[in-house]
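Remarks on the structure that follows.
Please treat every number below as a calculation from the coordinates, not as lab data. These numbers were taken from a predicted model, which means no experiment stands behind them. All Cβ positions, even for glycine, are placed from backbone atoms using ideal geometry, and neighbour counts span all protein chains on display.
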Amino acid sequence: MLRIPCPFCGERDHAEFSYGGDARVQRPALDDRSEERWYRYVFLRDNPRGPHREFWQHVGGCRAWLVVERDTGNHEILDVRFAADAMKEAQCE
Amino acid sequence: MKRYSAWKLFTHALRGHKDWPEAWRAAEPKKHYDVVIVGGGGHGLATAYYLARNHGITNVAVLERGWIGGGNVGRNTTIVRSNYMIDGNTPFYEWSMKLWEGLSHDLNFNVMLSQRGHVMLAHSADQMQAHVRRANTMRAHGIDAEILSRDELRREVPDLDYSDEARFPIHGAIVQRRAGTARHDAVAWGYARAADRLGVDIIEHCEVTGFVEEGGRVTGVETTRGRIGAGAVGMAVAGHTSELARKAGLELPIESHVLQAFVTEGIKPLIDQVIVFGAGHFYISQSDKGGLVFGGDLDGYNSYAQRGNLPVVHNVAEIALAIAPHLSRLRLLRHWGGVMDMTMDGSPIIARTPLDRLYLNGGWCYGGFKATPASGWTFAHTIAHDAPHELNAPFTLDRFREGVQIDEGGSGPVPGHH
């Protein structure tokens with residue numbers, strides 16, 4: 001069982017969480033008319049073997065969206081933060 | 001290499017089965033091949049075999065980083081069927097079913113195809129209607145399909161929960177009688193041996209670490225056993241397609257997910273067909289050794305680890321008991337995970353790539369085993385002609401960009417939902 005340390009609720013079984021996929025894909029602005037950027041956003045994924053930043057929602061707990069960094073090769077959880085904070089940091093990067 | 005036959009079996013038995021020749025050579029890599037296939041799973045071996053058999057291209061190497069039969073071809077639930085309903089899938093999987101039906105003779109290797117019938121249950125009147133629609137589509141394509149009422153089903157498959165207390169009452173089923181199971185290891189070994197007999201080099205413990213390119217064209221691969229030149233390179237490493245294709249600079253509409261499978265202790269014959277639950281994801285059959293072989297849904301998150309987690313084990317067990325409560329006293333012997341290429345529409349990719357003479361076979365989601373013969377057949381054609389066979393023409397890489405996805409499940413671009 002994956003155990004995800006929710007920053008609000010503490011460490012919980014991943015069965016309490018719902019998976020939201022790759023957190024690194026950035027949705028283009030709604031008025032962006034570039035087909036290429038929308039294609040990449042909707043369909044293309046890095047799919048790395050190794051550290052992967054991904055969304056999880058704690059639906060069985062505080063309902064917060066989280067960004068979890070997890071190693072897809074061994075399921076080790078490397079980092080967890082609130083999605084809102086992680087997205088702000090990503091925009092600053 | 002000698003042909004297998006009843007006579008050979010008899011004469012070898014007299015000698016205590018001590019001098020059977022190896023099924024395929026342990027080939028040393030040559031400097032150059034006309035075609036290099038990366039991945040010695042079922043699809044890669046089938047591709048090499050059909051390159052030699054159908055197209056006369058015998059200067060072929062299959063590079064396998066592990067050993068033959070050690071990947072997903074040995075990790076599936078062995079079901080073969082062709083009950084697909086979407087344009088593109090329907091004729092492709094039926095061609096695969098037809099190849100299965102002649103495969104043991106073609107390969108001179110018993111793949112133990114057992115056409116025991118594939119029974120997909122319906123749990124509501126509406127689902128029966130959906131099954132009728134599927135059956136009509138299949139019949140319109142010349143594929144066998146039957147609709148069984150609850151009473152007809154009960155006579156054929158008595159050991160399910162037909163009571164009114166069942167969580168999902170059984171209304172009937174759609175049946176494909178030509179479908180069934182095959183011995184998964186034998187498929188790998190049979191294709192490997194048959195390809196070897198036609199001159200294909202099968203090179204195990206040889207991992208591809210990079211591609212050699214000249215002016216937008218692939219001319220070879222770098223491997224852990226040195227550089228190997230190639231007129232063309234085909235990738236058939238489903239589960240790990242993204243990681244390999246990245247070495248050639250390709251970005252793909254694929255996520256890797258883990259799918260678990262289970263085997264119980266062996267018991268006397270109980271389940272004669274392949275039974276598929278209709279109100280969730282669950283499929284079960286009984287192996288020749290007596291173990292019940294079954295599986296369910298993906299774990300639901302990106303993973304390259306060949307192991308899953310307890311929530312899916314729990315869910316699969318619950319479904320098993322919902323349709324057949326008497327399974328509750330069986331013990332699990334083994335359970336394992338395999339890594340699946342999940343594409344954005346749930347259908348595979350067998351196509352040319354943006355790089356000249358580099359070809360992609362992948363994205364098999366969890367339907368790869370049944371597709372093995374047709375996948376090899378059409379991929380070999382694609383490589384030999386540098387153009388797709390009509391059966392794999394819809395399975396392009398560009399279909400996502402062009403908006404012509406083949407989404408059998410209607411789940412949209414969320415790989416974990418297919």
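Can you tell me the dipole magnitude for chain B around its Cα centre, using point charges on the Cβ only (Lys, Arg +1; Asp, Glu -1), in Debye to the nearest 20?
1320 debye
In straight Cα distance, which lysines are under 26 Å from B:K30, not counting same-chain residues fewer than 8 positions off?
B:K2, B:K247
If you add up the charges near B:L321, with Lys and Arg at +1 and Asp and Glu at -1, over every other residue whose beta carbon is less than 10 angstrom from its beta carbon, what do you get?
Around B:L321, the surrounding residues sum to -1.
Only counting other Cβ atoms within 10 Å, I'd like B:S411, B:S285 sorted with the fewest neighbours first.
In increasing order of surrounding Cβ atoms, one gets B:S411, B:S285.
Could you name the lysines in cross-link range of B:K268, using Cα to Cα under 18 Å and dropping any fewer than eight places away on the same chain?
B:K289
If contacts are Cα pairs under 8 angstrom and at least 6 residues apart, what is the relative contact order of chain B in percent?
22 percent
Please tell me the relative contact order of chain A in percent, rounded to the nearest whole number, where contacts are Cα pairs under 8 Å and at least six residues apart.
Result for chain A is 27 percent.
Which percentage, to the nearest 5, of the DSSP beta bridges contained in the protein assembly as shown is antiparallel?
75 percent
Give the longest segment of chain B that steers clear of GluC sites (Glu not before Pro) in DSSP loops with at most 16 neighbouring Cβ atoms within 10 Å, not counting the sites themselves.
Between exposed loop sites, the widest span is B:23-164.
Would you order B:T396, B:T90 from fewest to most other beta-carbon atoms within 10 Å of each residue's own beta-carbon?
B:T396, B:T90
Scan the range B:7-111 for chymotrypsin sites (Phe, Trp or Tyr not before Pro) in coil per DSSP, keeping those whose Cβ has at most 15 other Cβ atoms within 10 Å, and list them by number.
Hits after loop and neighbour filter: B:W67.
So which aspartates and glutamates can B:K8 reach, going by Cα to Cα under 20 Å and dropping same-chain residues fewer than 8 places off?
Here the aspartates and glutamates satisfying the reach criterion relative to B:K8 are B:D19, B:E22, B:D106, B:D196.
For chain A, what does the alpha-carbon gyration tensor say about shape, rounded, prolate or oblate, given a ≥ b ≥ c as the root eigenvalues, a/c under 1.5 as rounded, and a/b over b/c as prolate?
prolate
Calculated from DSSP H runs of 4 or more alone, at -39500 (n - 2.57) each and per residue, what is the 222 nm mean residue ellipticity of the protein assembly as shown, nearest 500?
-8500 deg cm²/dmol
Going by a ≥ b ≥ c, the root eigenvalues of the Cα gyration tensor, does the protein assembly as shown fall in the rounded group (a/c under 1.5), the prolate group (a/b larger than b/c) or the oblate group?
oblate
Count charges around B:T137 for me, please; just the other residues with Cβ under 15 Å from its Cβ, Lys/Arg as +1, Asp/Glu as -1.
In short, -1.
Classify the range B:197-302 as rounded, prolate or oblate, taking a ≥ b ≥ c as the square roots of the eigenvalues of its Cα gyration tensor: rounded when a/c is under 1.5, otherwise prolate if a/b is larger than b/c and oblate if not.
It is prolate, given that a/c is not under 1.5 and a/b is the larger ratio.
Give, as a single signed number, the net charge of other residues whose beta carbon lies under 13 Å from the beta carbon of B:F369, with Lys and Arg counted +1 and Asp and Glu -1.
Local charge sum for B:F369: +3.
With point charges of +1 on the Cβ of Lys and Arg and -1 on the Cβ of Asp and Glu, referenced to the Cα centre of the range B:133-265, which listed residue (B:A135, B:V175, B:W189) lies farthest in the positive direction of the dipole?
Of the options given, the answer is B:A135.
Along the charge dipole of chain B, which of B:G210, B:L198, B:G412 sits closest to the positive end, that is, farthest toward it, with unit charges on the beta carbon of Lys, Arg, Asp and Glu (+1, +1, -1, -1)?
B:L198
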